[in-house]
Amino acid sequence: MELETAEPYYLPVANEVAVFRAAYRQGLPIMLKGPTGCGKTRFVEAMAHRLGRPLVTVACHDDLTAADLVGRYLLRGGETEWVDGPLTRAVREGALCYLDEVVEARQDTTVVLHPLADHRRQLPIERLGITLDAKPEFGLVVSYNPGYQSVLKDLKDSTRQRMVAISFDYPEPETEKSIIVAESGVDPGRAAELVRLGQAIRRLDTGALREVASTRVLIATARLITEGLPVREAAHAAVAGPLTDDPLTARGLRELIEAYVSELAP
Ligand code: ADP
């Protein structure tokens, strides 16, 4: 029995829904670009739901091999048995396959993406000696953070240019406030204060931070606040701690937190 799941909450920030829908209908792969924690994963979850397709998500990492994506022979009860990897499953089932942070994957994994990402829409499975045609409903979505070294740079330009890019950034203040309220239940005044803190951190251009404060860390702060934690302690724990290990930078963030959030109800 298939369970009806609720549509994931997603507040559009620009024209991304229309672009995604159009690209998907045309069988074009999609790359979501943007910093961590700005809503890319949530967006794909919402789109899979809206399009009525299963979603297969792969969190890419530097040990991820082509076999992890495509499949391998496993020993089961003395017999070797072929087991499809997540990409192969998605190709066969006509699911959306989301390769999160594809930049992290090893270079050889991108090779299997080439024929899938261009007009062929095929997945060669060398070990089986076959080439699968992707179901028409199959959709390839990759995300990457342009701030990091990108393996996408190693994808052939011809492949890259067959992808449709959707750029993400942190949402506008009003949108971000609504997202924080919806995701944490914190009151709107407090959410607005956290948005201003986030913006102040995003304006810092010290080079000391690899990543600035994402919507995700602001939501985490708000959630700690709803648990009754003092506001500044919540911000230290959910914003300053995750963003830096450097004592000097941490002190700077503490000062910003003290300047932007108050213990009193806003
Ligand atoms: P990314 O994949 O870009 O790293 P996520 O999709 O995991 O980021 O977003 C982090 C969190 O921020 C989500 O769990 C969600 O709570 C929230 N979020 C960010 N943007 C949105 C949005 N536009 N609508 C709803 N929630 C959002």
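Whether a residue is assigned to a loop (DSSP other than H, G, I, E, B) and in contact with a Cys (Cβ under 9 Å, 6 or more places away or on another chain) was assessed, and VAL103 does not pass this test.
For region 40-97, filtered to residues that are within 19 Å of THR109 (Cβ to Cβ) and small (Gly, Ala, Ser), the residue that is nearest to the chain's Cα centre (by Cα) is ALA59. Considering region 174-241, the qualifying helices (runs of 4 or more DSSP H), each wholly inside and each with 1 or more residues that are away from the ligand (no atom under 16 Å from the Cβ) and out of contact with any Gly (no Cβ under 9 Å at 6 or more places or on another chain), run over 188-203, 231-235.
Only a single criterion out of (1) away from the ligand (no atom under 16 Å from the Cβ); (2) touching a strand residue (DSSP E or B) at 6+ places or on another chain (Cβ under 8 Å) is not satisfied by GLY94, namely (2).
Given the structure, is ALA95 surrounded by 16 or more Cβ atoms within 10 Å (Cβ to Cβ), in the same structural domain as VAL44 (by TED's automatic domain parsing) and over 16 Å from THR57 (Cα atoms)?
Numbers: surrounded by 16 or more Cβ atoms within 10 Å (Cβ to Cβ): yes; in the same structural domain as VAL44 (by TED's automatic domain parsing): yes; over 16 Å from THR57 (Cα atoms): no.
No.
Are any residues in region 111-126 charged (D, E, K, R) and free of Cβ contacts under 8 Å to residues at least 60 places away in the same chain, and if so, which ones?
Of all residues in region 111-126, those charged (D, E, K, R) come to 118, 120-121, 126.
Result: ASP118, ARG120, GLU126.
The residue pairs whose first member lies in region 29-52 and is free of Cβ contacts under 8 Å to residues at least 40 places away in the same chain, whose second member is within 10 Å of the ligand (Cβ to nearest atom), and whose beta carbons are closer than 7 Å, counting only pairs six or more residues apart or on different chains, are ARG42/PRO8; ARG42/TYR10; GLU45/PRO8; ALA46/PRO8; ALA46/TYR10.
When region 160-173 is filtered for residues that are out of contact with any strand residue (DSSP E or B) (no Cβ under 7 Å at 6 or more places or on another chain) and within 16 Å of the ligand (Cβ to nearest atom), the ones remaining, listed by number, are ASP169, TYR170, PRO171, GLU172, PRO173.
Condition (residue is at pLDDT below 95 and more than 16 Å from ILE166 (Cβ to Cβ)) applied to region 37-47: is it met by at least one residue? Spell out how you get there, then give the answer.
Of region 37-47, the ones at pLDDT below 95 are 37-38.
Next cut, more than 16 Å from ILE166 (Cβ to Cβ) only: 37.
Yes, region 37-47 has at least one match.
The values are calculated or read from the model by the stated rules, or taken from the named source; none is laboratory data. Note that the structure is a prediction, hence the values are computed from the model and not measured. For neighbour counting, all protein chains shown are included, and Cβ atoms are generated from backbone atoms with ideal geometry for every residue, glycine included.
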